[in-house]
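Working notes, structure below.
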Amino acid sequence: MAARDPLRGYLLDTHLALWALHEPEWLSAEARSAVLAGRSFLSAISYWEVILKSWKGTLDVGDPRIWWRMALEQLNAAPLVLRPEHIDAAHGLPDYHNDPFDRMLIAQAMTDGLTLVSADRNVARYEAAGLRIVK
């Protein structure tokens, strides 16, 4: 299998995408700049997380399928699919964080050469493992 060229750009953490759409004042100046810079991605993992939390009743975004399309459009983001190499990378991550969604986003960012935009302090611990992050 041929090596993939890095995507370059920003992968938005689920909570950050939600803030950018619904509570933009909660974003740091650096995160706001990253969102506005373009070349952003939203992971299918975030879509799955929003659907699960909607089913459980812990997140209200209306119909999550409509939310997903709206999020991609309003954030000018491209969808990022889950690939086997992302799963391989997640397996090799240090055990700093128990959230499986965040671990997969970290693995996707690291595998694809993306900078993760996240305010999660536990995610920031992965900078030592090579994760590029905007807080």
Original post:
If a residue has to be part of a loop (DSSP other than H, G, I, E, B) and basic (Lys, Arg) to count, how many in segment 98-135 make the cut?
Top reply: 1
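The rows are residues; the columns are (1) buried (at least 21 other Cβ atoms within 10 Å of the Cβ); (2) in contact with a Ser or Thr (Cβ under 8 Å, 6 or more places away or on another chain); (3) at pLDDT below 95.
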| position | (1), (2), (3) |
| --- | --- |
| Pro79 | no, yes, no |
| His86 | yes, yes, no |
| Gly92 | no, no, yes |
| Leu105 | yes, yes, no |
| Ala119 | no, yes, yes |
| Ala128 | no, no, yes |
**OP:** Would you be able to say whether some residue in segment 54-76 is under 17 Å from Asp112 (Cα atoms) and in contact with a Gly (Cβ under 9 Å, 6 or more places away or on another chain)?
**Re:** no
Original post:
Can you tell me which of Asp63, Asp99, Asp95 is of a type outside the set (A, V, I, L, M, F, W, C) and within 16 Å of Leu12 (Cβ to Cβ)?
Top reply: Asp99
Original post:
So which residues in segment 69-85 are over 13 Å from the mean Cα position of the chain (by Cα) and not in a loop (DSSP other than H, G, I, E, B)?
Top reply: Arg69, Met70, Glu73, Gln74, Pro84, Glu85
Subject >> Residue that is touching a residue at least 60 places away in the same chain (Cβ under 8 Å), of a type outside the set (Val, Ile, Thr) and surrounded by 12 or more Cβ atoms within 10 Å (Cβ to Cβ), where the choices are Ala34, Ala44 >> reply: Ala34
**OP:** For segment 17-29, name all the residues that are surrounded by 13 or more Cβ atoms within 10 Å (Cβ to Cβ) and in a helix (DSSP H, G or I).
**Re:** Ala17, Leu18, Trp19, Ala20, Leu21, Trp26
Original post:
Of the residues in segment 52-77, how many are surrounded by 15 or more Cβ atoms within 10 Å (Cβ to Cβ) and among the hydroxyl-bearing types (Ser, Thr, Tyr)?
Top reply: 1
Original post:
Among the candidates Arg65, Arg32, which residue alone is in a helix (DSSP H, G or I), among the basic types (Lys, Arg) and over 19 Å from Val123 (Cα atoms)?
Top reply: Arg65
Original post:
Which condition does Asp95 not pass, out of (1) in contact with a helix residue (DSSP H, G or I) (Cβ under 7 Å, 6 or more places away or on another chain); (2) not in a helix (DSSP H, G or I); (3) not hydrophobic (A, V, I, L, M, F, W, C), if it passes all the others?
Top reply: (1)
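The values are calculated or read from the model by the stated rules, or taken from the named source; none is laboratory data. This is a predicted model, so every value here is computed, not measured. Cβ atoms come from the backbone with ideal geometry, glycine included; neighbour counts cover every protein chain shown.
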